[in-house]
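First up is the structure itself, then whatever we jot down about it.
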Amino acid sequence: MGAVFAAAYTLFLITVIIYGFAGSGPLFLREMERFAPAERTGLPEAEYPGMAEHIAAYLTGRKESFQYVFSGPAGESLACFHDYEAAHMEDCRNLIRLDGAVCLGSLGAAAAAAVLLFRRRKRGLAEARRGARDALLAIGLIAAGMLIWAAADFEGLFVTFHRIAFSNELWLLDPRTDLLIRLMPEGMFMDLGLRGLTAFAAGMTPLAGMMMIRRRRNQ
């Protein structure tokens with residue numbers, strides 16, 4: 001049961017971070033201002049706050065259409081995205097919906113496992129510690145492998161993730177013609193990945209704490 005708790009907690013942590021990032025307009029705004037300035041994208045800087053909130057709202061189901069329209073210099077309406085860009089973002093939104101469902105399911109599983117472990121008292125604590133140890137070891141090995149891969153060939157990792165996550169090639173966008181890829185360049189995803197790893201490491205401290213308590217008692 002300790003392994004179930006550790007696995008469910010870990011899965012909950014990963015999915016809640018992803019969902020939190022996807023739904024954060026301020027985070028998208030900071031990332032776009034840093035990695036996709038207006039002179040590169042062609043989108044007026046004044047539209048950045050609205051665009052950032054629009055993307056976050058769409059991904060988390062608060063908006064139905066991904067198309068973003070703003071007024072041009074002569075008051076004309078300008079649409080930002082091609083149909084295939086919107087179709088790709090619909091695929092992304094479906095993944096975020098799945099992420100949200102997994103997040104709730106893993107939270108429920110972690111809570112149920114925690115209750116069962118608590119009822120077992122000392123035996124349950126021992127199981128929880130073993131589960132925490134095994135989870136931290138497995139995550140450490142996976143994280144080390146991913147970091148090495150990212151450092152050696154981030155583009156390869158990026159492409160592999162997209163080929164696994166999507167059943168089509170709509171994600172293969174051209175920065176010369178497609179605003180979406182200019183707004184979300186590779187550097188942005190690298191930075192979001194590092195932010196996610198930092199948040200994940202902080203969230204794993206309760207499992208590490210279980211092991212530290214045991215060590216102190218054994219000293």
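Before we move on, is Leu173 surrounded by 13 or more Cβ atoms within 10 Å (Cβ to Cβ), modelled with pLDDT of 85 or more, touching a helix residue (DSSP H, G or I) at 6+ places or on another chain (Cβ under 8 Å) and within 22 Å of His54 (Cα to Cα)? In short, yes.
State yes or no: is Phe166 aromatic (Phe, Trp, Tyr) and touching a His at 6+ places or on another chain (Cβ under 9 Å)?
Values: aromatic (Phe, Trp, Tyr): yes; touching a His at 6+ places or on another chain (Cβ under 9 Å): yes.
When the stated conditions are applied, Phe166 passes them.
Out of the residues in region 69-120 that are aromatic (Phe, Trp, Tyr) and more than 25 Å from the chain's Cα centre (by Cα), which is surrounded by the most Cβ atoms within 10 Å (Cβ to Cβ)? Here the residue is Phe70. Within region 191-205, restricting attention to residues that are over 21 Å from Leu29 (Cα atoms) and surrounded by 12 or more Cβ atoms within 10 Å (Cβ to Cβ), the residue that is modelled with the lowest pLDDT is Met204.
Is it the case, given these coordinates, that Thr15 is among the β-branched types (Val, Ile, Thr), touching a Cys at 6+ places or on another chain (Cβ under 7 Å) and surrounded by 15 or more Cβ atoms within 10 Å (Cβ to Cβ)? For Thr15, the condition - among the β-branched types (Val, Ile, Thr), touching a Cys at 6+ places or on another chain (Cβ under 7 Å) and surrounded by 15 or more Cβ atoms within 10 Å (Cβ to Cβ) - is met. Could you look through region 30-54, keep only residues that are without any contact (Cβ under 8 Å) to a residue 24 or more places away in the chain and of a type in the set (A, V, I, L, M), and pick out the one that is surrounded by the most Cβ atoms within 10 Å (Cβ to Cβ)? The qualifying residue surrounded by the most Cβ atoms within 10 Å (Cβ to Cβ) is Ala38.
Which one is modelled with the lowest pLDDT, of the residues in region 176-190 that are within 26 Å of Ile139 (Cβ to Cβ) and surrounded by fewer than 14 Cβ atoms within 10 Å (Cβ to Cβ)? My answer is Glu186.
Among the residues of region 158-170, those that are assigned to a helix (DSSP H, G or I) and either at pLDDT 85 or above or exposed (fewer than 11 other Cβ atoms within 10 Å of the Cβ) (or both) comprise Val159, Thr160, Phe161, His162, Arg163, Ile164, Ala165. Any residue in region 71-92 that's touching a residue at least 60 places away in the same chain (Cβ under 8 Å) and part of a loop (DSSP other than H, G, I, E, B): show its pairings with residues that are surrounded by 13 or more Cβ atoms within 10 Å (Cβ to Cβ) and among the aromatic types (Phe, Trp, Tyr) at Cβ separation under 8 Å, as long as the two are six or more apart or on different chains. Partner pairs satisfying both residue conditions: Cys80/Tyr68; Cys80/Phe70; Phe81/Phe66; Phe81/Tyr68.
The values are calculated or read from the model by the stated rules, or taken from the named source; none is laboratory data. All figures in this text were calculated on a predicted structure; none of them were measured in a lab. Backbone-built Cβ (ideal geometry, glycine too); neighbour counts: all protein chains shown.
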